[in-house]
1. Somewhere in segment 47-60, is a residue in contact with a His (Cβ under 8 Å, 6 or more places away or on another chain) and modelled with pLDDT of 95 or more?
2. Considering segment 83-107 alone, what residues qualify as being more than 15 Å from Ile201 (Cα to Cα), surrounded by 13 or more Cβ atoms within 10 Å (Cβ to Cβ) and out of contact with any Leu (no Cβ under 7 Å at 6 or more places or on another chain)?
3. Would it be correct to say that Ala150 is assigned to a helix (DSSP H, G or I) and either buried (at least 19 other Cβ atoms within 10 Å of the Cβ) or not acidic (Asp, Glu) (or both)?
4. Taking the condition of a type in the set (S, T, N, Q) and either touching a residue at least 60 places away in the same chain (Cβ under 8 Å) or more than 20 Å from Ile268 (Cα to Cα) (or both), does Ser49 pass?
5. I'm trying to understand the selection: among the residues of segment 71-82, which are surrounded by 13 or more Cβ atoms within 10 Å (Cβ to Cβ) and either out of contact with any Leu (no Cβ under 9 Å at 6 or more places or on another chain) or at pLDDT 95 or above (or both)?
6. Test Arg39 against the stated conditions and say whether it is within 14 Å of His257 (Cα to Cα) and either without any contact (Cβ under 8 Å) to a residue 12 or more places away in the chain or out of contact with any helix residue (DSSP H, G or I) (no Cβ under 6 Å at 6 or more places or on another chain) (or both).
7. Which ranges mark the helices (runs of 4 or more DSSP H) fully within segment 31-116 that have 3 or more residues being within 21 Å of Met230 (Cβ to Cβ)?
8. Which ones in segment 223-241 are assigned to a loop (DSSP other than H, G, I, E, B) and within 15 Å of the chain's Cα centre (by Cα)?
Amino acid sequence: MKYKWYEPYLFIAPGTLILLLVFFYPVVRLFRDSLLAPRGSEMVFVGLSNFRYLFSDDVFRMAIANNAKLLLSVPIMVGLALFLAILLFEQIRGWQFYRTTLFLPYLLSITVVGVIFGYMFQYRGVVNTILQSIGLGALAKDWLGKSEYALWVVMVVIIWKEVGFGVVLFLARLMSVQEELFEAARLDGANWLQLQWYITIPQLKSVIEFFTVISVFTMLSWVFNYIYVMTNGGPGNATMVTELYIYLMGFRYRMMHIASATSVLLVIITIVFILLQNRILGEEGAYA
């Protein structure tokens, strides 16, 4: 039976239409709203005025800076996940229990994690109580109430929760590596560090790249729940991030045009990171 050239397009048309309605239309509407502003009871075209407002707003600039600081946790997460995965791959005693323990935080709700650690890091919380009980009361701080500590505490919590995902990814890939590679290297006199540098890391290269990309996107656009539950952007604006800024502008201050402009900038930043990643991977592939 011979099919007409247009019949395959008829089959994919319903799904394509749904995708356009669910994804494409909101993006177009977002870009349109970012160029509008209220004038009385109407929305009028103002061009790039909303974006100029953003870059003149100290709170927005601080939000961008805080997102950039959170990106510092990406190499820490990747390195820590890699180290833990290697230890588990060596099948140390109780490694299966440790694997479950490390992955369990990733399964917990961010809200639950935020509430628990919020109580723990209060001035009279568990952390300071333990420090005082072991004679280290001088180290007790108002961890979430001081601007110089709050963002770093949130970063520690994010690492604690997200690193388990990387451990499982790396360990799953290591389990599929041929043992003969390690045996041959040992016979050639390779020590433990050389095994990891010349065999483990090259074998994990694609998984490391994937986890790195996921971690970068997490720090750019998935930290709202941590911040909202633990600090709500405070103290002051010390832990303000772009997602919380969008939420506050859109729903608390009813400045949806500013929220739309911020969202557009976040989309553009994300696309830039995707293009940079593709460029890097493309150049490495061509070199290989």
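1. yes
2. Phe103, Pro105, Tyr106
3. yes
4. Against the criterion (of a type in the set (S, T, N, Q) and either touching a residue at least 60 places away in the same chain (Cβ under 8 Å) or more than 20 Å from Ile268 (Cα to Cα) (or both)), Ser49 does not qualify.
5. Listed by number, the residues that qualify are Ser73, Val74, Ile76, Met77, Val78, Gly79, Leu80, Ala81, Leu82.
6. Taking the combined requirement at face value, the residue satisfies it.
7. So the answer is 58-70, 73-89, 95-107.
8. Val223, Val241 - these are the residues of segment 223-241 that are assigned to a loop (DSSP other than H, G, I, E, B) and within 15 Å of the chain's Cα centre (by Cα).
The values are calculated or read from the model by the stated rules, or taken from the named source; none is laboratory data. None of these values were measured; they are calculated from a predicted model. Every residue, glycine among them, receives a Cβ derived from its backbone with ideal geometry; neighbour counts consider all protein chains shown.
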